[in-house]
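Here, each number is a calculation from the coordinates, and none is a lab measurement. Note that this is a predicted model, so its numbers are computed, not measured. Cβ placement follows ideal geometry from the backbone for every residue including glycine, while neighbour counts extend to all protein chains displayed.
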Amino acid sequence: MDKLVIGIDYGTDSCRAIVVDTTSGKEIADHTAFYPRWKKGLYCDASKNQYRQHPQDYIDSLEEVVHGVLSKLTSDEQQQIVAMGIDTTGSTPCLTDENGMPLALLPQYADDPDAMFILWKDHTSIQEANEINELSHRWQTDFTSRSGGIYSSEWFWAKALHVIRTNKDIRKDAYSVIEHCDWMPALLTGNLKPEKVKRSRCAAGHKCMWAEEWGGYPSPDFLLVLDPLLGDFARHLSKKTCTSDMSAGKLTKEWSDRLGLPQSVEISVGILDAHAGAIGAEIKPYAMVKIIGTSTCDIVVIPKEDVKDKLIPGISGQIDGSVIPGFIGFEAGQSAFGDVYAWFRDVLSWTLDLLPDNVKKDDKENVIGRILPKLTEAAEKLPVNALDLVANDWLNGRRTPYADQKLKGGITGLTLGTTPAQLYKSLVEATAFGSRAIMEHLEKEGVKITEVIGVGGISLKSPYVMQTLSDIMEIPIKVAAAQQAGAMGVAICAAVAAGIFEDIISAQNIMGKGYLSEYHPRPENREVYRKLYQRYNEFGLFLDKEI
């Protein structure tokens, strides 16, 4: 009998599931569920950079997608499912009680945003991140050294510290803190007690300052200086972490019944979505996988012997085994990519709210849905010259190189004759310039990138963005055929955890889907884009000084 595995990908807006045949990599079924509370805009405040997600959204969407894919299988195929893997956004942590229950699932905190999962793009903890950096840089051990030397407000400890400082009730009842990618496998296997959770190497290393060289997480003494409660949290976390090709356990009877899956189904250790996407896109040494969506994550793996003791500053971490065991995983990225285009679309569509009430909602949504395609159509026809508008992509701060969420974006060169298409073109180029800055930073530090592999919705849907990206980065870009690369990546991890394959590379060789297309830099645009990139960097220096 063929063995099937399920890959579950928790994105920013929705949960997606695929069922994969491990003998061929063929996707047998898929289903997507949107988070109901998140879709309504609950618990978020963009003016404060506050983005929270209710754990019940994760539970509801999990049940929906699993039942959705099972409904598309025969009864025989359902019995062939042997394992399931899960990836999530990150760092997306939540405070829990002593039983590992997210506080928002307790009645008294059901509507308290601070009791919920704090989404990766929440920037409410900028001050706390600054304090962590200042303390770490003068501590005997610099716990940020494997996180590029800068700890981000998007990450685990800064978010936990902000909540316990600003919410007295939460502080009173919080016992521990957990990443979303660790909570889901723990929930399904019944290993929720904080001390028993199998923590993901990828999340712990890249987001939680975990490293073998200093014995795990930052020392309790270090965390106690920040807040005594953080020291307590650390004592409830196992110093051991697990790579995502390992088993977190089997389904409990409760979850077997709720999902309609056999209890024998193996659940692999969780992983962050970008790292899973890199696996699903068949990452190889010195290739950069760009997961391109609302933001970007750039993943590179290098053999340990090629890295030795070198630490690269200004990135989002370099961790042994965070992507593929035996390789050092490097992470970088941009805090906004597709979100930049969505912001511009929303600005242009604001006037639709002024239309009479009798205009149908569907008509408004149809107009909004046509804005970016029409802008793309017009922007593609525009020539590229050195006097074009230049925009900056820091609309949600900067992640890499050198994270700084206080930074703001901007556009220079505006006139009364500037058109929406020209503005959109400058924003697309800005996101590509940000990608080039990351690649140049890695190469300056000795990490030579030989090729780029694009995954995610934009890589599949926007040839204009991808061609601009290739032109500006001056490198060929392949587009992975796996349309759900994250879900495919965790399906591969699950297949290894279930013992179907010996390791991730063996599983990739069988289950990988190859590439759909490839973009090559256009020589005629090289020199003008180099000049525009120089202006982009000069503009960035100006904006940095304005903070």
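Structural remarks
- Between segment 502-533 and segment 287-328, the alpha-carbon center distance in angstrom: 17
- Flagged links, alpha-carbon separation over 30 Å, of Lys198/Lys290; Lys444/Lys531; Lys240/Lys448; Lys308/Lys425; Lys39/Lys159: Lys240/Lys448; Lys308/Lys425
- Rule-of-thumb Rg ratio for segment 42-88 [Cα; 2.2 N^0.38 Å; N residues]: 1.70
- For Tyr151, Tyr217, order by how many other beta-carbon atoms lie within 10 Å, fewest first: Tyr217, Tyr151
- Shown here are the Rg and Dmax of the Cα trace of segment 142-189, at 13.4, 36 Å.
- Where N is the number of residues in segment 1-99, Cα Rg divided by 2.2 N^0.38 Å: 1.26
- Looking at the chain, the DSSP beta bridges with both ends there are about 70 percent antiparallel.
- With the Kirkwood sum run over all distinct C-alpha pairs, segment 458-547 has a hydrodynamic radius of 16.1 Å.
- Per-residue ellipticity at 222 nm, computed for the chain from helices alone with -39500 (n - 2.57) per DSSP H run of at least four residues, works out to -12000 deg cm²/dmol.
- Remark: the chain carries a charge dipole of roughly 540 debye about the Cα centre, counting +1 on each Lys and Arg Cβ and -1 on each Asp and Glu Cβ.
- For segment 413-520, the fraction of alpha-carbon pairs in successive 10 Å shells from zero, as %: 13, 32, 30, 18, 5, 2, 0
- With neighbour counts taken as other beta-carbon atoms within 10 Å, the residues Trp157, Trp255, Trp214, Trp350 rank, fewest first, as Trp350, Trp214, Trp255, Trp157.
- Among Asp232, Asp21, sorting on how many other beta-carbon atoms sit within 10 Å of each Cβ, with the fewest leading, yields Asp232, Asp21.
- Note on the chain: dipole from Cβ charges, positive end direction compared against Val225, Ser75, Gly270; the farthest Cα belongs to Val225.
- About the centre of its Cα atoms, segment 355-429 shows a dipole size close to 180 debye [charges on the beta carbon of Lys, Arg (+1) and Asp, Glu (-1) only; nearest 20 debye].
- Normalised by residue count, the chain yields a Cα convex hull volume of 153 Å³ per residue.
- Computed over the alpha-carbon atoms, segment 121-265 gives an Rg to Rh ratio of 1.01, Rh here being the Kirkwood radius from the mean inverse distance.
- For segment 454-462, Karplus couplings with θ = phi - 60° (6.51, -1.76, 1.60), whole Hz, Gly/Pro x: x, 9, x, x, 5, 5, 8, 9, 10
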